[in-house]
Amino acid sequence: IRRIGVLTAGGDAPGLNAAVRAVTKAAILAHGWSVIGFEDGFEGLLTGRSCPLTLDSVRGLLPVGGTMLGTSNRTNPFWCAVPEFGDREPRDHTETLIRSLQRHEVDALIVIGGDGSLSIAYRLWQLGVPIVGIPKTIDNDVRGTEVTIGFDTAVAVATEAIDRLHTTAESHHRVMLVELMGRTAGWIALFAGLAGGADAILIPEIPYSLEAIVEVIGRRERAGRPFTIVAVAEGAQSREGQAVYEITGPQPYQRKYGGICRVLEEQLASRVRLAVRSMALAYLQRGGSPTARDRTLATTLGSAAVHAVSAGHFGQMVAVRGDPHGRAMTSVVTVPLAEAARGPRLVPADHPLLDAARRLGI
Ligand code: F6P
């Protein structure tokens, strides 16, 4: 190996820059390889937009949010329209992508992405591209890893928001609904809901009933607590299966979420005595500087990905696993990209945080 390529794809997540920095430093310092970054995810790889990554270019990146390489969640090389190529309709760009890798003399590619981008990486590996994946997404919904880069920061931001909602909800005697991201999974809502002391948490894995929420609000009112905070995952669904997203295309990322809190606000307003207000935390959860945990996770996984390349572990993703023997909290492993490509990882029914929530009457 003489040169590796790296790209960040899908929605941005705090810690992406820390991962790019770790990949670059480990490649240069531990192996003497050169590193090239492709801009805006697979788009830059297709169109040849790239930049050399050096020790100088990654200096100071560790605490910086976003991704210095840029990202895109529109470009699936197997089926997309690239305006630079004059495409009006989506088409298959696999050939162009493989030629671009050859032209850039890239011996291995590191893809930092969520389940959509890692599925693309898996298909490219099946076509013979030497690829290693790094899992990132604030949603924490990648199979094969306990945690993804960006999740901890999103939970921290959401927790602080719920803390702030408490004081205004209490002062005004209101029911406050806060909508959190996560697509089809409830990881952010569950973790931030518990950490922020929400009174009810609605996640897609457990369909909610409006009656149960009304009951929590009433119970609290009767106990002299005339305010309630409800943490709502954007993919939450009622028992009646009310959809809160619009399908806008064939890919999982082409679903438009949003608006569940507005729907709930309307429904609750006619059912409870307290005033109801709602808000979506939206992109604030993805922005800004990563937490210390996300920085160390990104640094660990970035350097592990370089090690995986040097060991020839292609078609794999670096991941965090709980140690089944309990000797250590976690270990860094490689798992087949095929695992990540199996679709989003949902909160399992036996997750300890669900038990904790239930015991607290949430
Ligand atoms: O996957 C990360 C995420 O932030 C989801 O939580 C959210 O549903 C989606 O991306 C929003 O995507 P977009 O950037 O396309 O609005």
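Principal-axis analysis of the Cα atoms of the chain puts helix 210-222 at an angle of about 60° to the longest axis. If R0 equals 56 Å, the separation of the Cβ atoms of Arg358 and Glu105 corresponds to a calculated FRET efficiency of about 0.50.
Taken about its Cα centre, the chain carries a charge dipole of roughly 380 debye when the Cβ of each Lys and Arg holds +1 and the Cβ of each Asp and Glu holds -1. Database remark: amide H of Asp40 closer than 5 angstrom to the amide H of Gly70, Thr71 (H placed geometrically; neighbours at sequence offset of 5 or more, or on other chains; Pro and chain starts carry no H). Of all the options Ile162, Ile260, Ile206, the one that moves most in a Gaussian network model of the chain with Cα springs shorter than 10 angstrom is Ile206. Stretching the chain fully between Glu160 and Asp350 yields a gain of 65.7 nm (0.36 nm per residue, less the alpha carbon separation). Shown is the FRET efficiency for Glu170 and Tyr283, computed with R0 = 22 Å from the Cβ-Cβ distance and rounded to the nearest 0.05: 0.25.
State whether the range 1-160 is rounded, prolate or oblate according to the following rule on the C-alpha gyration tensor (a ≥ b ≥ c being the square roots of its eigenvalues): a/c under 1.5 gives rounded; otherwise a/b larger than b/c gives prolate, and the remaining case gives oblate.
oblate
Length gained on full extension, Arg273 to Ala81, computed as 0.36 nm times the residue gap minus the Cα-Cα distance: 64.0 nm. Using only the C-alpha atoms, the convex hull of the range 222-362 corresponds to 206 Å³ per residue. Around the amide H of Leu202, modelled in the peptide plane, lie the amide H atoms of Ala231, Val232, Ala233, all under 5 Å away and 5 or more residues distant in sequence or on another chain. Extension gain for Arg59 to Gln242 (0.36 nm times residue separation, less C-alpha to C-alpha distance): 61.1 nm. Spin-label pair Arg123-Asp92: with each label point 7 Å from Cα along the Cα-Cβ axis, the two points sit 1.0 nm from one another. In plain terms, the residue of Cys80, Cys51, Cys261 with the fewest other Cβ atoms within 10 Å comes first and the most crowded comes last, giving Cys51, Cys80, Cys261. When the chain is treated as a Gaussian network with alpha carbon springs shorter than 10 Å, the biggest mean-square fluctuation among Asp141, Asp199, Asp87 belongs to Asp87.
Sum up the charges of everything whose Cβ sits under 12 Å from the Cβ of Glu170, counting Lys and Arg as +1 and Asp and Glu as -1, but leave Glu170 out. So the environment of Glu170 carries a net charge of +2. The string of couplings for the range 52-68 from the Karplus curve (6.51, -1.76, 1.60, θ = phi - 60°) is x, 9, 10, 4, 5, 6, 9, 5, x, 7, 3, x, 8, x, x, 9, 5 Hz, one whole number per residue in order, with x for Gly and Pro.
Read-outs: derived from the displayed coordinates by stated rules, not from any lab. These figures come from a predicted structure and were not determined experimentally. Quick reminder, even Gly has a Cβ in these numbers, built from the backbone with ideal geometry, and neighbours come from all protein chains shown.
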